[in-house]
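Here the structure is laid out as structure tokens; the discussion comes afterwards.
What follows draws every value from the coordinates through simple rules; no lab data is involved. It should be emphasised that the depicted structure is a prediction, and the values quoted were computed from it without experimental measurement. Here the Cβ is made from the backbone with ideal geometry for all residues, glycine too, and neighbour counts use every protein chain on show.
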Amino acid sequence: MAQRNPLLVRGSGVVAAVAFGLFAPGALFGQACIGSPNGPGQYSITADANITSGANDFGLGVAANFPGPLGARAGVAVDDFDDDDRRTRLEGRVSYDIRSGPGINICPVGGADFTRRTQDSFSENQLRIPFALSAGGRIDAGDGIRLVPSARVGFAHWRFSGDAFDQTQTENSVFAVAGAALALDDVHFRAEVRIDSFEDEPFYRFQVGYRR
């Protein structure tokens with residue numbers, strides 16, 4: 001049986017290791033591509049404040065980074081304008097890590113936001129379905145402190161229905177989101193801004209989270 005060249009075997013191993021490090025799912029870095037400081041197998045509970053033109057809402061969310069490349073978030077927020085006017089918003093996100101380089105995460109991100117507003121007997125439903133490509137990284141500042149910046153760009157499909165519409169109406173838009181999280185041990189603080197071609201004003205989110 002012919003013997004294999006040790007240098008060739010070693011070189012092949014190095015090439016394979018480099019290829020794995022560049023293109024394998026980057027679970028080592030968590031879902032940094034969407035600004036989450038969660039590590040593999042971690043989840044966090046968040047309190048969110050969302051500020052838009054003429055309206056603010058407050059809510060709770062859960063974000064999970066599964067042991068593999070998959071991450072997810074779900075949240076609910078409510079805004080009581082007064083006794084007869086209420087807005088409820090549900091949101092969900094799923095991301096899949098396709099890291100393209102050491103310390104950098106790149107993810108396709110999809111999801112849906114559903115908003116229902118009721119005022120007296122009047123109701124309006126809004127469904128937003130975004131899909132984006134996101135990139136982010138983790139900067140270790142020592143003493144358990146990390147900075148997790150991220151940004152994503154994509155498009156969104158909107159659907160509107162309710163008492164104000166004779167039939168369901170649709171729109172499409174492009175958007176960009178940028179933000180950063182500051183992680184201190186098990187607690188993190190995050191701020192982000194979204195600009196959407198369909199919206200007149202930016203959408204701001206401020207978040208405090210606790211990781212387990």
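Restricted to strands (runs of 3 or more DSSP E) entirely inside region 132-189, those with at least 2 residues that are within 21 Å of the chain's Cα centre (by Cα) and surrounded by 13 or more Cβ atoms within 10 Å (Cβ to Cβ) are 145-162, 169-184. Number of residues in region 112-126 that are closer than 15 Å to residue 75 by Cα, touching a residue at least 24 places away in the same chain (Cβ under 8 Å) and out of contact with any Ser or Thr (no Cβ under 6 Å at 6 or more places or on another chain) equals 3. If you go through region 157-206 one residue at a time, how many are closer than 23 Å to residue 60 by Cβ and hydrophobic (A, V, I, L, M, F, W, C)? Residues flagged as closer than 23 Å to residue 60 by Cβ and hydrophobic (A, V, I, L, M, F, W, C) within region 157-206 amount to 12. Do we find a residue being in contact (Cβ under 8 Å) with a residue 40 or more places away in the chain and more than 21 Å from residue 154 (Cβ to Cβ) anywhere in region 60-68? Yes, region 60-68 contains at least one residue that is in contact (Cβ under 8 Å) with a residue 40 or more places away in the chain and more than 21 Å from residue 154 (Cβ to Cβ). Checking 205, 190 one by one, the residue that is among the basic types (Lys, Arg) and touching a Ser or Thr at 6+ places or on another chain (Cβ under 9 Å) is 190 and no other. For first residues located in region 157-184 and free of Cβ contacts under 8 Å to residues at least 12 places away in the same chain and over 20 Å from residue 202 (Cα atoms), partners that are among the hydroxyl-bearing types (Ser, Thr, Tyr) and part of a loop (DSSP other than H, G, I, E, B) and lie 6+ apart or on another chain with Cβ distances below 9 Å do not occur.
Here's the yes/no breakdown for (1) among the hydrophobic types (A, V, I, L, M, F, W, C); (2) touching a residue at least 40 places away in the same chain (Cβ under 8 Å); (3) under 26 Å from residue 200 (Cα atoms):
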site: 86; (1), (2), (3): no, no, yes
site: 99; (1), (2), (3): no, yes, no
site: 128; (1), (2), (3): no, no, yes
site: 134; (1), (2), (3): no, yes, yes
